[in-house]
Structure formats: C-alpha cells, structure tokens
Ligand code: F6P
C-alpha cells in the first residue's frame, strides 16, 4: 500500500455546527471519489494546466507553486467553504484589531502591530505609538553599538554581542542573523546562547574578550531558568575577568518584567520593553530582535518589517484563492486531516536558512500542538503536523530516501532563493536543479519498466521492485527572488498566518502554551533533589532504601541512579 492510498478516519469535532459537519463529509467524499476516478493520481492532475495555474500564488515578492498538491479546484473550493464556515473572517479581524483571542490568558495577539508602521494593517493607534517609541530606542541603541559610541567598562568598543534567550527569545533572531549574514557587514559579531547545558555558553565565551563583549538578556517573562542561569554565568565571567566592572556597560535586557531585570542588575535605561500581546514565538519583530538590528542595522531591519507588513496586508485583503497563507493552510489541512499525513518536512535549499526548520518547529508546534478546542472540549481531529527538516542538498543524503520510498505520506515545503550571494550563476543552477529534481522525483517516481536494473547479471525483477518509486508524493515550492531582509520577513510572516488559519480550521487557540509548564515545575523539584547528597543505597530494583519515593516509581528510580552516579 502507498501512503496516499489511506484516508484519515477523522470525525468532526462535537462543537461543529451542521454546516461544517456537512462540508467535512463532502470533503471526505471528494477525496474518496478522486481515489476511485479513472485518473486518480497527482501525476494525472498536473497535466491540467488550468488547475496548475490556479495553484500558483504571489505574495509580497514570494512565489508559491502548489501544483504538486493532490487537489483540484473542486476540492479547493470545498476547503475554502469549510474555512469560511469556521468564522475565519471574524477571527482574522479579531487578530488585527487586538481582541483578546488568546482567551486562556486573556491576551490580544498583536505581533502584526510590530510591523505596521504606517497603520495600513489596522493596528489601533495607541499601540502603534508604543511600538514606534520602542523601535526608536532600539535603533538608537543598535546604532550606538554599531558605530562604537557605546563603550565598554574599559572604554573600548564592542566587538561581540551575545544574545541570551531560549525558545522565541532565541530561535527567531538566530534564524534571521544567520540567514542575513551577507547583510552583517560591520562589527560587532552576534552570538546566540540558549541551552541550560553549560557547554553552550562556555564554548561561546572561550572565544570572546570580556572587555569588548555585550550581553542582551532576552526573556519575555524574565523567569525562564535557562536564560537566567546563562545570564548569571555571563555576569560571573565579567566579574572574574574585569577589574570591578561597571556591568551597565555590558548588559541590555528585553522583557515585560522590568522589575526582575532590574533586580538582576540591568540598568533601567538599558531595558527595552515587550508586551503581553506579543507571544514569544512571534516576537522577532520586537525588541527581542535587537541582536538582529545590531547585526544588520536599522534600514535592513525596516525592510525585514516591511516584508512582513506586506504579507499582513495581503493576508487581510486578498481573496481566498489567491491568499497565500490561506492556500498553504488549506493544503496542510488536506494532507493532515483528509489524507492522514502525520508530519510535514521543511527543506530550504539555502545553507543560510539552516535554522528555518527549528524556527518553524516552535512556531507551528507550540502554537497548534493542542488537543482542546477553544471551548475546552477534546478535539477529534489531528492538529499540528510534526514539523521537521534540514537544508537541501544535505538532506538528500540523509532522509530523502524515506521521502521517496518510505511508507509515510510526507508533504514537503521546498524553499528556494532564486539567486545566491555566493558563487556563480552556474553554482546556483546546481542548487536549483537539485531542488527541482527532488520535487519531480517525488511527483513522477519511477515505474517498473524504467526501474529495470541496468546490470544484466542482476535478478532484474527483484532489483526493479526495489528501484521502483511510486511518485504521487505532494510538495510545494516557495521561491524568494533573493534571500534579503524584505523577503525573509515575508517568508516568516507567511508561515505565521498559515499557522493562524490552521488554528481557525481546528477551532483551537494557537497562542497559549500550557503544555510546557508542567515540565518546568517538575524540573525545579528534581534539580533540588539532584543537588542533595544521596544518603541512600540503591537496591537491585533501582529504588532507594531510605527515601520515601516522592515521584512515580520510574522517575524515582532514574533519580536515584543519577544521584548515586554523581557521588
Ligand atoms: O517554552 C515556553 C516558552 O514560554 C516559549 O513560549 C518562549 O518563547 C520561551 O519559553 C522563552 O520564554 P521567555 O522569553 O519568557 O524567557
């Protein structure tokens, strides 16, 4: 059986009204009829050039080619109808108007305000004013650091900036600074430290001069243990290596929690604000992006914001068939909920986009990895697909075997800049050819005749079976004319809105993340216990003799072993 032969056996959520239930049944029937038709395959679908044209969309300089997706106009129309029956227009207005759509935390979701400098995307005026004031402070700070006006405790200029943050306070800036390396033309260099593992900060600091290093402590909450621990390590490093340093010359904070930042010792004038209406994974546009601004400068950062703002405008004003985030979300829903795909691969054909898969993992899975509807009932649908990936062409030599011949249905987003700041045109044509070839192979596969082994001595039938590739595997091509600040901003905003549209279809809140809280709380207790010298002996079963188990038996046994191994 090939992966696309199966249909998800999903039922509509109980909260759905009759109209949505009916549309869902029609979508399922559509998929079953297509499977039973004389030309059921994706290979046959792509011969319809009118259909293919309808699956090409432009958005803020990006071009999206979804012709290799297993749907025609009839199916797309049904999916659009389902989206509109899901009160999509109302939710979209509520997002941009700043209504508290993150209802479990009673918060608005206004990352779009961070890039709406001219107000055309309907951001409320007071919020725009607040954002503008912050952006001006960010730009001034960044320019002082870039030009050497900001000097260190020893009176020297800053050569290295280290961003201390994790999750949304790390992944966005890390992605953007790496992707825009050709735009980082002047010092300082920017580094990222996130992990609680001390190797992360130690290896970074080993390469730096404390007299010329500035730390940005990025933490929306200023309570995240990993970030605070790394900030303490950075402070100790400065204290150990400089003579009674003035730490205000070496620390900037970005947070909603100014009291905690100042209790840590960051000067009030060195703190940039953040607001509860910006989710961590949507915060690269805010002062959390200060490291980006320092790396690429205010003009390029404004271009980055402009690319995102143009996607916001497109998302609000384009009719459904040409609305790029809507199209991508509908296709993702189709693959997950109709055809049963569990995962979704992201493969950028650009070394500089190497952090895009991990960035999208947080954006998509922390947003939509939920099993409750907005009203608290359990959902009966599969929600967020598992996002994973790696850069092409490297990925071709690791997991593409599974993409081509494995038993899973895995839709792939191929992301390809049309030009390259490095190498010759021919060099970049090599990259383009690989990207196109992968999509073509996924689509067309290799039939049994062409799979016949060329080696006359081989058992040709057997080897042909192994060489045969089914094809008909879906992919989407997203191209950027150039990997620059504007188009990177567009690309990120495209995925942000896609994620929002999927949440509308599933009727879930994409903006809370309660699922990460329990592990944080448990680790605090376990850390205390690991720091306590063991007074125990370990029995054959791994359980302690003397401690009363404070945990479930499996956790207690692991804890006991780790405590014993420490001693
Ligand atoms: O992992 C949970 C989370 O709250 C993310 O949503 C967030 O991006 C990250 O931790 C970091 O949080 P903070 O910026 O508050 O340190």
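Data table
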quantity	calculated
The chain - Rg over Rh from alpha carbon coordinates, Kirkwood radius	1.00
Crossing angle, helix 225-241 versus the chain [Cα axis fit, 0-90 degrees, rounded to tens]	40
Proxy reagent accessibility, fewest Cβ within 10 Å first, across 56, 191	56, 191
Nearest 10 degrees, 0 to 90: helix 517-530 Cα axis against the chain principal axis	50
Label point distance in nm, residue 185-residue 386, each placed 7 Å from Cα along Cα→Cβ	4.5
q = 0.09, 0.21, 0.23 Å⁻¹: log10 I(q)/I(0) that the Debye formula gives for the range 405-530, counting C-alpha atoms only	-0.55, -1.18, -1.26
Rg(Cα) / (2.2 N^0.38 Å) computed for the range 183-269, rounded to two decimals	1.07
Mean shadow area of the range 81-128, taken as a quarter of the surface of its Cα convex hull (nm²)	3.9
Spread of Cα-to-Cα distances over 5 Å intervals beginning at zero, given as percent, for the range 281-411	2, 9, 12, 16, 20, 18, 12, 8, 3, 0
Distance between modelled label sites at residue 89 and residue 425, nm, 7 Å Cα→Cβ extension	4.7
Residue order, fewest to most beta carbons within 10 Å, for 502, 418, 226	418, 226, 502
Residues listed by number, the range 138-159, amide nitrogen under 13 Å from residue 241 label point at 7 Å toward C-beta	159
Under the Debye formula (equal points on every Cα, no solvent term), log10 I(q)/I(0) of the range 214-321 at q = 0.20 Å⁻¹	-1.06
Rounded to 10°, Cα long-axis angle of helix 485-506 versus longest principal axis of the chain	70
Debye intensity ratio I(q)/I(0), log10, the range 46-134, q values 0.10, 0.13, 0.16 Å⁻¹ (C-alpha model)	-0.44, -0.67, -0.85
Pair residue 140, residue 196: separation of 7 Å Cα→Cβ label points (nm)	3.9
Residues 161, 292 arranged by fewest to most Cβ contacts within 10 Å	161, 292
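Just so you know, all these numbers are worked out from the coordinates, no wet-lab data involved. Since we're looking at a predicted model, the values are computed, not measured. Cβ atoms come from the backbone with ideal geometry, glycine included; neighbour counts cover every protein chain shown.
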